[in-house]
Amino acid sequence: MTTLKLGSKGAEVKTLQTALNKACPYGLTVDGVFGKKTEAAVKDFQKHNDLSVDGIAGAKTWSKLGYETADEVTPGGRTIKKIILHCSATPEGEDYSIDTIDHSHKARNFSYYIDPDTKEKHYIGYHYIIKRDGTIVRCRPENVRGCHTSNHNYDSIGICYIGGCPARSVKDWNKQGKDTRTEAQKASINKLVRELKGKYGNPEVYGHRDFAAKACPSFDARTEFKNFK
Ligand SMILES: [Zn+2]
């Protein structure tokens, strides 16, 4: 399913109206036109399902209605204005597999993308993962939008390093941020950022924390990359 909002028309709007009527007797006419009544029903549904109430049927709203949303390839590539750095918020000294992160993002109702090589569905929201040994793992293709920073996915590339919290032996480790980047991770992040800056006309580098009340990525990426070349 795709994101639908006031003014959308077509078969997917009919599917949405049918699904909303099934979820709650909204009495919507299934006409394939996303008008004020459909918008009000989406808002009501969001309110009762602990979703942010914006009246837009995006991945999370569709998921609560029992449908998945695919993020599609943008032919010719996307316009990239930001590189956003994240941490996996996992304990220092531990590696996490890409599959583990993929499963946790699926459980959190992230939209999926199709792997261009294997044609399989994946849910991991980042474009790249940097493992503790510095290995750069390509996840989402760059021409598919990510699912990592609310309201900033459409024009950004998301990079996540494994770590970002103190070791498991530290009390309340999961409530604290710590810059746990290994030297190998730092070198790989720098290499990748340099490549992406060259490729996309020097986009700015941010941390997730610049857009949300979070510690992620547990260091001040904006300052660190201010004069980065
Ligand atoms: Zn993050």
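The values are calculated or read from the model by the stated rules, or taken from the named source; none is laboratory data. These numbers come from a predicted model, not from an experiment. Reconstructed Cβ throughout: ideal geometry from the backbone, glycine too, with neighbour counts over all protein chains shown. Note: areas computed on protein heavy atoms with side chains; ligands, DNA, RNA excluded. Shrake-Rupley method; radii C 1.70, N 1.55, O 1.52, S 1.80 Å.
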So what's the chain giving for Rg/Rh, alpha carbon basis, Kirkwood Rh from the mean inverse pair distance? 1.02
Sites residue 33 and residue 155, calculated FRET efficiency, Cβ-Cβ separation with R0 35 Å, nearest 0.05: 0.75
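For segment 160-229, what % of the accessible area comes from carbon and sulfur atoms, probe 1.4 Å?
Values: 1880 of 3990 Å².
Roughly 47 percent of what the probe reaches on segment 160-229 is carbon or sulfur.
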Tell me, what is the per residue accessible area of the chain in Å², probe radius 1.4 Å? 53
Tell me the net charge near residue 199. Cut-off is 12 Å between Cβ atoms, residue 199 excluded, with +1 for each Lys or Arg and -1 for each Asp or Glu. +1
Here segment 34-41 yields Karplus 3J(HN,Hα) values (6.51, -1.76, 1.60; θ = phi - 60°; whole Hz; Gly and Pro given as x) of 7, x, 4, 5, 5, 4, 5, 5
So which of 131/197; 9/199; 64/121; 119/229; 36/121; 37/64 end up more than 25 Å apart, counting from Cα to Cα? 9/199; 119/229; 36/121
The chain: angle of helix 11-23 to the longest principal axis, Cα-based, in degrees nearest 10: 80
Tell me, what does the Kirkwood hydrodynamic radius of segment 108-193 come to in angstroms if you use every pair of distinct C-alpha atoms? 14.2
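Please go through segment 142-229 and write out the chymotrypsin sites (Phe, Trp or Tyr not before Pro) that DSSP classes as loop and that have at most 10 other C-beta atoms within 10 Å. List each step's numbers first, then the result.
On the way: sites: 154, 161, 173, 200, 206, 211, 219, 225, 228; in loops: 154, 200, 211, 219, 225, 228.
Filter output for segment 142-229: empty list.
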Could you work out how far helix 98-107 tilts from the main Cα principal axis of the chain, as a 0 to 90 degree angle to the nearest 10? 30
What is the packing order of peptides 48-55, 141-148, 185-192, taking the mean over residues of other C-beta atoms within 10 Å and listing the highest first? 141-148, 185-192, 48-55
Using r as the Cβ-Cβ distance of residue 168 and residue 108, and R0 as 22 Å, what FRET efficiency do you calculate, to the nearest 0.05? 0.50
Apply 1/(1 + (r/R0)^6) to the Cβ-Cβ distance of residue 3 and residue 214, taking R0 = 25 Å, and write down the FRET efficiency to the nearest 0.05. 0.60
